[in-house]
Structure formats: structure tokens, C-alpha cells
1. With r defined as the distance between the Cβ atoms of residue 318 and residue 251 and R0 fixed at 56 Å, what FRET efficiency is calculated, to the nearest 0.05?
2. Compute, for residue 151, the solvent-accessible surface of its heavy atoms (probe 1.4 Å) with the complete set of protein chains present, and express it in square angstrom to the nearest 10.
3. Hey, how much of the P(r) for segment 99-258 falls beyond 29 Å, as a percent of Cα pairs?
4. Quote the relative contact order of segment 61-212 in percent (integer), defining contacts as alpha-carbon pairs under 8 Å separated by 6+ residues.
5. Whole angstrom only: what separates the Cα centroid of segment 114-182 from the Cα centroid of segment 237-314?
6. Could you please put 316, 200 in sequence from largest to smallest accessible area, using a 1.4 Å probe?
7. On a 21 Å Cα-Cα criterion, which of the cross-link pairs 229/282; 110/282; 110/260; 232/260; 60/91; 229/253 come out too long?
8. What order, most packed first, do the peptides 263-272, 124-133 have when packing is the mean number of other Cβ atoms within 10 Å of each residue?
Amino acid sequence: MNVRIKEIAIAFILGAVFPAMLFSSFYKIHFQEPASTTQPTETENTTSEKKKIYISVLMKDGRIEELELETYLTGVLLREMPASFEIEALKAQAVVARTYTLRRYERGGKHIGAIICANASCCQGYCTEDEYIQSGGSQASLDKIKSAVMETANQVIVCNGALIEATYFSCSGGMTEDAEAVWGNPVPYLQATSSPGEETATHYVDTKSFTVAQFTSLLGINVKSPSGKWIKNITYTDGGGINTVEICGVEFKGTTLRKKLGLKSTAIVMTVVGNTVTVTTKGYGHRVGMSQYGADAMAVQGSLYPEILSHYYKSTEIVTYDTD
Ligand SMILES: [Zn+2]
């Protein structure tokens, strides 16, 4: 009787449990993460080696190229951060770009047939190693960028186990911005934070002048007798940007001003003298997430890339990306 039970148990394990276990691991490999329709099919890998991930990139000329992730990231860094920056800033940038890319890989990007595009003002800039060298980049700079990517291989930033939306930008002007102030929705790890040491950045401060007629025309408003008092009731965001401002009785968001006036950031100061409106901005970009110049300034002061990343992305951690 006991032998019979044993035989039934073994038959049950072989017939039901073992196939279920196989299906379970198959399910985990193939269906655990939501995949976009543009995601390339990965080859089944039965070895313990990590599977290579390929990213479909929409190039500026309209072609779509499939690039191995780490190769793609080298091309992103070549375009997105100067090789003259500190190696720890470059490593931070590599982890940020990898996280930004893999989040789109998992969830699908906004481009038809591609995970991401090579336009820096839309997704992430990109250039090939050949293009970099041909445009005057040195082999030493290329090697430095490559080492930043390789030395952080597979490392990504997560919050509560999920890849974060790792936004980044050039220069904050001293303070980064809340995600909510720019895009309307709060993101716990994208909060306004100080970002000192950026004073040498090209666009730390910018000034743009308009005639009153140009200024009001760009905003689509009328002012009959301009004086300093027609710009009033300014409220500010936690990151030092304009939240709202009343101009000739019309309320504008800081983000709207930036767009309509073609400004570098929403950290705006406006002064009216006579017929001229002078607009001064601090920083360059949306100012949400990691400041590239701020990251370099932290690295100069001795911060390693994990410290840089935890400064700009609150309550996050660095983990190894699981390709299974
Ligand atoms: Zn894009």
C-alpha cells in the first residue's frame, strides 16, 4: 500500500507538478512584465548568462535601428553629457539613461515601431562612436564614456521595486523642480531639491529682451498703457519657478510662459523698463530629476554616483536589472 502511494505520488509529481513548475518559469520569463508591441522578441536563453536586451531606436533620419542596450547607452552618453565631466557624474548619467530606457522598454514608448527616439528634446540624444570621433571627439573621451557605462552595467534605479521615471536635464540654476509643478502629477521621488555648484554652466543664467508689443503678442494679450504694474500676483513653485503670474489681467502658468516666450526654464524674473520687457531665467530644461551640471558639481566635491542619484531621486535605490 505504501509503495502504491509512493508510485502515485511520483506519478503525480512527474505528471502534474513538474509541468506546472516548467510552465510557471516559462510564464515568468515571457509574461511577467507588460511588453510593448514594438519590443523585440528575445531569444530563449537556457544558460545562466544574462539575456541581451535590444532597443529599437528611431533615428533622426526616420530609420529604426535595433541596438544592444549597453551600446545604445554609450551613444546616449556621447551626446547627452560632456566627457570632460567627472567619471562619477558620467556613471550617474549611465544609470539614469539605462533606467529611463528600460522603463520605456517595459512599458512601451510613444513612438510607433520604436521604444525610444534619438531626439534629445523628446527622448534621449544619441550618436554613434564613429560620429563622435568624426565630430572631433577623442579616443580617450570615448573610452571614458564607455567605462562609465560598463562599470555600471545592468544597474538601474527603482522605487518600491519599480523602475523610476528617471528624468534629467542640463542645469537647474541652483534648485531642481517638483514633477507636479511641471507636469501636474506628484511623483514621490521627483521633488525640488538644492543643486549647488552649477555657476559655471553655460545656461546658469540667461537673459532675453522683448519689446512690450513682442511680449504681449507672443502671449496673445493686449496692453494699452504698459507700466510695471501689469505683471503681478506671482506665485512660485518649491523649485523657485513661476507657478502662476497675472499679466494684463490674464493668468499664465510658468510652464506656459516658458513655451510661448521660448525661455530656457520656468525660473523666471521679468522686469519692465519703458518699452522693454527683460526676462531672466536660471537653469536650462524642465529642471525635474537629475541636474547634469549639479551631478558634476557633486562629483567634483567627492560624491560617488550612488550618492548623486539618491540626492536627485529621493527614496530610491540602485539594483541590478533582472533580465529574466
Ligand atoms: Zn522620442
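The values are calculated or read from the model by the stated rules, or taken from the named source; none is laboratory data. This structure is a prediction, so every number in the text was calculated from the model and none was measured. We place every Cβ from the backbone using ideal geometry, glycine too, and count neighbours over all the protein chains shown. For the accessible areas, the whole protein counts, side chains as well, though only heavy atoms, and no ligand, DNA or RNA atoms are used. Shrake-Rupley method; radii C 1.70, N 1.55, O 1.52, S 1.80 Å.
1. Working: r = 41 Å, r/R0 = 0.74.
The value I calculate is 0.85.
2. 100 Å²
3. It works out to 40 percent of all Cα pairs.
4. Averaging sequence separation for qualifying contacts and normalising by length gives 24 percent for segment 61-212.
5. 20 Å
6. 200, 316
7. 229/282; 110/282; 110/260; 60/91
8. Numbers: 263-272: 20.6, 124-133: 17.7.
Most protected by this proxy first, the peptides run 263-272, 124-133.
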